[in-house]
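Read the figures in this text as sums done on the coordinates, not as results from a lab. Fair warning: this is a prediction, and the values are worked out from it, not measured in the lab. Glycine also receives a Cβ, built like all others from the backbone with ideal geometry; neighbour counts cover every protein chain displayed.
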Amino acid sequence: MVNTNLQKIKEALARWADRIYPSREAFLNQLKTKKKLVIYHGIDPTAPHLHLGHSTNFFLLRKFQKLGHRIVLLVGDFTARIGDPTGRDITRKPLTLTQIMENCKTYRQQMAKILDFKSKKNPTELKFNSQWLDKLTMEELTRLASKFTQGYMIKRSMFQKRLKEKKEIYLHELLYPLFQGYDSVAINVDTEVGGTDQTFNMLVGRDLMKIYRNKEKFVITTPLLINPKTGRKLMSKSEGNFVALNDKPNEMFGKIMALPDETTILCLKLCTEIPIKEIQVMARSLKQKVVNPRDLKIRLAREIVTIYHGKGVAERAEREFNKIFREKKLPTKIPEIKILQKTLNILDLLVKTKLAPSKSEAKRLILQKGVKINGRVQEDWRKTIEIKKGMIIQVGKRKFIKII
């Protein structure tokens, strides 16, 4: 049974939706028909972690699921072997099938913190687009490609940028939107939800639905987590700076506290379900400088850790954070490692303990005074360290290792 509570729908769209194609009014009219819509969201399995940027889509999908609509989450295991050119000024390196399946093996577990996969009446479905794209024949692919022109495809901003910079555009990159668009046809969807950066690909799917099924497909774009001051993405898998949905509680809490102050209200709105009126009060208090920005960020961190790990765990993570950052004490639990060598160059030590991925990164951390041994800042990257049991090595504010 579909619930047509338009007030709840409008509230969800006002919070988590950016634009709706062809229009918000047309989508609301479709909902009024009480038809159970097939609403899908695609995930690019380029990394093993989903992050807070993905959660914006999941919260909106959860609202639709609770109203009785059918939710399909689609892993692009075929399209990841091509590489999405969206937002890239160079060709993305395709992944192997082994890499893809390794990346997505815990996706369901991560998404289940928000979406219901166990409902007997209306469970969230998980699909893989290799189910149909692997079966496309050359004839079908040629017919699919004939629906669009080269001129249409290269209108995309990143392709225009490459052309101006005299960089190559490869044919498989032009095919990517066709394959993603064909997913809509294969699932026979009514609506697709995705980030604003995926608008072009989703609209290609809308065109294909009209061509193949003579049917309108609604496209709902969701806002990206963007720093309002810098205009840069807060969550970037390629740059390695993101809060993963399966981060450990203490790490998740610490990462959120490290986010810029100006992003707190945005994250409260898009990454939690705190009532919007309450968030508006927080925003006014922040603007009037009657509240400490740090206090609001603690509320954000506590709320997000609660969503993914539970209330009790979030409270412990907050206490641990305060212990380290307010009281300047060591963490309650510190990962331990045994090192057989009696001495090591400090760069080798940081790499061996996995506190740095490479010697060059270790050197950078030392030059930035981001490395401490037993509480003392290390400034000489050429230094030889005498390895002693009980030695505490710290990198940045949150990474610790104890030598045993």
Highest-fluctuation residue, LYS328, LYS34, LYS338 considered, GNM on the chain with Cα pairs under 10 Å: LYS338
Nearest-0.05 FRET efficiency for ARG326 and ASP207, computed from C-beta distance (R0 51 Å): 0.40
Between segment 284-309 and segment 199-259, the alpha-carbon center distance in angstrom: 22
Computed magnitude of the charge dipole of the chain (debye, nearest 20; Cβ of K, R +1, Cβ of D, E -1): 1200
Rounded to the nearest 20 debye, dipole of segment 6-222 from Cβ charges on Lys, Arg, Asp, Glu: 800
Listed residue (ILE220, GLN131, TYR176) projecting farthest to the positive dipole end of segment 6-222, Cβ model: ILE220
Unsatisfied cross-links (Cα-Cα over 21 Å) in the set LYS229/LYS372; LYS63/LYS120; LYS333/LYS389: LYS229/LYS372
Cβ crowding within 10 Å averaged over residues, with 60-69, 341-350 ranked highest first: 60-69, 341-350
Within straight-line cross-link reach of LYS167, lysines at Cα separation under 27 Å, skipping those fewer than 8 residues along the same chain: LYS93, LYS147, LYS155, LYS233, LYS237
Helix-derived mean residue ellipticity, 222 nm - over the chain, DSSP H n ≥ 4, -39500 (n - 2.57), to 500: -13000 deg cm²/dmol
Crossing angle, helix 311-325 versus the chain [Cα axis fit, 0-90 degrees, rounded to tens]: 40
Amide proton proximity set for ARG19, modelled H, under 5 Å, gap of 5+: THR221
Distant alpha-carbon pairs in segment 354-393 (separation over 13 angstrom), percent: 54
Listed residue (ILE307, ASN5, VAL281) projecting farthest to the positive dipole end of the chain, Cβ model: VAL281
Per-peptide average of other Cβ atoms within 10 Å, ordering 180-187, 226-233, 48-55, 251-258 highest first: 180-187, 48-55, 251-258, 226-233
Cα pair distances of the chain binned at 20 Å [whole percent]: 23, 51, 24, 2
Viscosity 0.692 mPa s, 37 °C: Kirkwood-radius Stokes-Einstein D of segment 203-352 over Cα pairs, µm²/s: 175
Normalised convex hull volume, segment 293-404, alpha-carbon set, Å³ per residue: 120
Net charge of neighbours whose Cβ lies under 14 Å from the Cβ of VAL185, counting Lys and Arg as +1 and Asp and Glu as -1: +3
Between 0 and 90°, nearest 10: helix 293-309 axis offset from the chain longest Cα axis: 70
Cβ-based net charge around ASN122, under 11 Å, with every Lys or Arg adding one and every Asp or Glu removing one: +4
Whole-percent pair-distance distribution, where bins are 10 Å wide, for the alpha carbons of segment 6-222: 8, 33, 37, 19, 3, 0
Dipole magnitude (debye, nearest 20) for segment 2-116, charges at Cβ of Lys, Arg, Asp, Glu: 540
Förster radius 51 Å - calculated FRET efficiency between LYS113 and ILE387, Cβ distance, rounded to 0.05: 0.80
Rounded to 10°, Cα long-axis angle of helix 199-213 versus longest principal axis of the chain: 30
Net charge contributed by nearby residues that have their C-beta within less than 15 Å of THR149 (K/R +1, D/E -1): +3
Ascending count of other beta-carbon atoms within 10 Å, so fewest first, for PHE159, PHE218: PHE159, PHE218
